[in-house]
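**Student:** Let me give you the structure first, and then I'll get to my questions.
Throughout, read-outs are computed from the coordinates displayed, never taken from laboratory work. Not measured: the values here are computed from a predicted model. Cβ: placed from backbone, ideal geometry, glycine included. Neighbour counts: every protein chain shown.
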Amino acid sequence: MLNSENKLKNIIIKYLKKQKYTILEENYKCKYGNIDIIAYDNLSKELVFIKIFPFKSKNDINLIAKYYKYLYGIEDIPYRYEILKIGFKKGKYKVIKYQKLKV
């Protein structure tokens, strides 16, 4: 990952932590593809599978999520997907929820 991509991902992780998310995985890869961040939303009690826009691959996020939950024996935990992007306004980066998808 390029240095600027690492910087943007770090901004997103800092934002997620402020939103009471616990970061479980970064750059998760499995036989079904990859996901940028897997987190646990402590407020909604859901797993959150996060892609950062624009993403390089069009993996089946649902298949990756189901595999991850199966692998760790946590099929009963609710989950959702989020697509996040970074905006730049008044000299500062800002995280924008581009899309939030409930399963």
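**Student:** Restricting to DSSP loop positions (anything but H, G, I, E, B) with no more than 12 other Cβ atoms inside 10 Å of their own Cβ, which trypsin sites (Lys or Arg not before Pro) remain in the stretch 1-40?
**Tutor:** Of the trypsin sites (Lys or Arg not before Pro), the ones in loops of the stretch 1-40 whose Cβ has at most 12 other Cβ atoms within 10 Å are 20, 31.
**Student:** log10 I(q)/I(0), Debye, Cα-only the chain, no solvent, q = 0.14, 0.23 Å⁻¹?
**Tutor:** The Cα Debye sum returns log10 ratios of -0.51, -1.37.
**Student:** Here's something else I'd like to know. Beyond a 21 Å Cα-Cα separation, which of these cross-linked pairs lie in this structure: 18/69; 45/66; 20/94; 7/31?
**Tutor:** Result: 18/69; 7/31 exceed 21 Å.
**Student:** Taking 30 Å as R0, compute the FRET efficiency from the Cβ-Cβ separation of residue 88 and residue 44 and round it to 0.05.
**Tutor:** Working from the Cβ atoms, E equals 0.60.
**Student:** Separate question: Subtracting the Cα-Cα distance from 0.36 nm times the residue separation, let me have the gained length for residue 26 to residue 5 in nm, one decimal.
**Tutor:** Residue separation times 0.36 nm, minus the Cα-Cα distance, leaves 6.3 nm.
**Student:** Moving to a separate point now. Report the one residue of 81, 34, 4 whose Cα lies farthest in the direction of the positive end of the charge dipole of the chain (charges on C-beta: Lys and Arg +1, Asp and Glu -1; origin at the Cα centre).
**Tutor:** Most positive-ward Cα: 4.
**Student:** Which loop GluC sites (Glu not before Pro) in the stretch 22-93, with loop taken from DSSP, have no more than 11 other Cβ atoms within 10 angstrom of their Cβ?
**Tutor:** For GluC sites (Glu not before Pro) across the stretch 22-93 that sit outside H, G, I, E and B with at most 11 neighbouring Cβ atoms in 10 Å, the list reads 75.
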